[in-house]
Amino acid sequence: MISLRSIILALTLAPFAAAFAPTLTSSSSFQALKGAESEVSFGDLDGKDVRVGIIRTRWNDEHVANLVKGCREALKDCNVKDENIFETSVPGAYELPLAARFLALSGTVDAIVTAGVLIKGETLHFEYISEAVSSGLMSVGLQTSMPVVYGVLNCLDEEQVTKRSSGDNNHGYDWGKTAVEMALLRNEALNIKTDDKPTLEGIGFNKPEKVGEKKKAPGFF
Ligand code: DLZ
């Protein structure tokens with residue numbers, strides 16, 4: 001039986017729930033998932049004013065490149081402009097949380113996608129790094145109110161990675177959609193206007209970096 005208390009609670013929370021609904025260009029057009037073979041579906045997200053930072057590892061470079069490709073495809077499908085996508089790299093997954101924190105604190109993007117692949121070896125290294133990275137990324141998101149997409153595959157072997165980073169099952173695609181959905185949610189919830197944002201120029205996030213390319217100036221990015 002539905003109690004009077006639960007009806008009052010539902011009516012009280014309804015306006016807040018509405019404020020958190022992501023912007024859909026068409027409410028009925030939830031599309032089937034194009035990327036990973038999971039249950040999640042995404043609305044028709046409009047990311048035309050959204051800025052996304054991609055931080056990817058150079059460890060497991062080829063697999064990570066495929067994941068980033070999938071992510072960029074999703075961003076494009078959500079109308080995120082090329083000039084609003086910023087990409088940089090770090091050596092390995094262990095470096096992702098701190099790099100994400102630097103980018104989050106810069107206030108120059110609306111969401112961050114981290115992309116990395118951890119493959120289990122013979123020692124406990126995998127377990128330690130996996131745990132540190134996942135809790136580190138969650139902390140960055142909660143501490144900075146910046147959506148940080150957990151784009152790290154934790155796999156037992158390369159075959160598992162390939163299955164999740166290629167073809168119709170590229171998890172990177174989901175990560176891109178998640179970034180746009182969470183960016184819209186953040187901006188709406190915190191009342192952030194797109195023209196309030198500081199420029200990316202000057203902190204090195206203004207152009208995509210090619211992996212292996214030598215940097216002209218010293219500095220983190
Ligand atoms: C050292 C290491 C190992 C063994 N394996 C991986 C891996 O599978 N994926 C990954 O992204 N990084 C790996 N690393 C590197 C660490 O993440 C980190 O870059 C180093 O320990 C330096 O902090």
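Just so you know, all these numbers are worked out from the coordinates, no wet-lab data involved. These numbers were taken from a predicted model, which means no experiment stands behind them. A quick note on method: Cβ atoms are made from the backbone with ideal geometry, for glycine too, and the neighbour counts reach across all protein chains shown.
Below are the figures for this structure:
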read-out	value
Zone of Tyr128's modelled label, taken as backbone nitrogen in the stretch 43-71 under 15 Å from a point 7 Å along Cα→Cβ	none
Links that overshoot a 18 Å alpha carbon limit, given the list Lys69/Lys120; Lys120/Lys163; Lys69/Lys163	Lys69/Lys120
Cut-off under 5 Å, modelled amide H: who pairs with Asn170 long-range	Ala36
Stretchable slack from Ala65 to Glu39, in nm (0.36 nm times residue separation minus alpha-carbon distance)	6.9 nm
Rg(Cα)/(2.2 N^0.38 Å) for the stretch 52-196, N = residue count	1.01
Neighbourhood charge, 12 Å Cβ-Cβ cut-off, centred on Asn154 and excluding it, Lys, Arg +1 and Asp, Glu -1	-1
C-alpha center-to-center spacing [the stretch 111-153, the stretch 54-95] in angstrom	15
For Arg58, distant residues with modelled amide H under 5 Å away	Val90, Gly92
Residue-span extension gain [Ala189 to Gln143] - 0.36 nm each, minus C-alpha spacing	15.0 nm
